[in-house]
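> I'd like to ask you about the structure that follows.
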Amino acid sequence: MSDTPINLDELRQRIDQLDSDILNLISERASCAQQVAHVKLAEDKDAVFYRPEREAQVLRRIMALNKGPLDSEEMARLFREIMSACLALEQPVKVAYLGPEGTFTQQAALKHFGKAP
Ligand SMILES: C=C(O[C@@H]1C=C(C(=O)O)C=C[C@H]1O)C(=O)O
């Protein structure tokens with residue numbers, strides 16, 4: 001145990017401040033992704049927005065940078081959702097899967113592409 005007394009209110013204030021920072025940073029990242037979409041369209045009117053090799057690179061980097069306490073798989077899962085939401089801003093994504101809802105193929109698709117609409 002640490003010698004410093006833990007003050008619940010102070011910790012929650014710190015969490016609120018961090019949440020505000022995370023919110024602003026995710027919004028800034030999303031704006032960047034929108035700009036990426038404009039650049040892609042300016043370069044090619046049939047631009048491909050979904051770039052799996054780039055997403056894999058982003059996730060590998062995040063996992064390498066991660067120092068915990070969340071493990072790298074968990075951190076990658078969070079970033080996959082952020083990228084999924086950013087990609088959805090560039091262009092709505094349609095993902096097909098086999099079978100009714102709840103199948104392993106649907107779970108695999110959600111794990112790979114994230115849950116953004
Ligand atoms: C932002 C881009 O577009 C998409 C979104 C990505 C992201 O949010 O990091 C990465 C690759 C693309 O699927 C990009 O190509 O860099």
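> Which whole-Hz ³J(HN,Hα) couplings does the range 28-35 yield from phi under the Karplus relation 6.51 cos²θ - 1.76 cosθ + 1.60, θ = phi - 60°, glycine and proline marked x?
5, 4, 5, 4, 4, 4, 4, 5
> Hey, another quick one. Using the heavy atoms of the protein chains alone and a 1.4 angstrom probe, what is the accessible area of the chain per residue in square angstrom? Spell out each step's value before the answer.
Values: 9430 Å² over 117 residues.
Each residue of the chain exposes 81 Å² on average to a 1.4 Å probe.
> Still on this structure, I have one more. Leaving out ligands, DNA and RNA, and with a 1.4 Å probe, what % of the accessible surface on the chain is carbon or sulfur?
On the way: 5580 of 9430 Å².
Roughly 59 percent, rounded to a whole number.
> Right, here's the next one. Under the 0.36 nm per residue contour assumption, what length would be gained going from the current alpha-carbon distance of L65 and T105 to full extension?
Details: separation 40, 0.36 × 40 = 14.40 nm, distance 3.02 nm.
Length gained, L65 through T105: 11.4 nm.
> Sticking with this one: Cα-based Rg (one decimal) and Dmax (whole number) for the chain, in Å?
Answer for the chain, Rg first and Dmax second: 18.1, 61 Å.
> Across the range 107-117, in residue order, what do the Karplus-derived ³J(HN,Hα) couplings come to in whole Hz, using 6.51 cos²θ - 1.76 cosθ + 1.60 with θ = phi - 60° and x for Gly and Pro?
Karplus-based 3J(HN,Hα) across the range 107-117 equals 4, 5, 5, 5, 5, 6, 9, x, 9, 4, x Hz.
> HN-Hα J couplings of the range 8-23 from phi, Karplus 6.51/-1.76/1.60, θ = phi - 60°, integer Hz, Gly and Pro as x?
4, 4, 4, 4, 5, 4, 5, 4, 4, 5, 5, 4, 4, 5, 4, 4
The values are calculated or read from the model by the stated rules, or taken from the named source; none is laboratory data. Because the structure is predicted, anything quoted here is derived from the model rather than measured. SASA here: full protein model, heavy atoms, side chains in, ligands and nucleic acids out. Shrake-Rupley method; radii C 1.70, N 1.55, O 1.52, S 1.80 Å.
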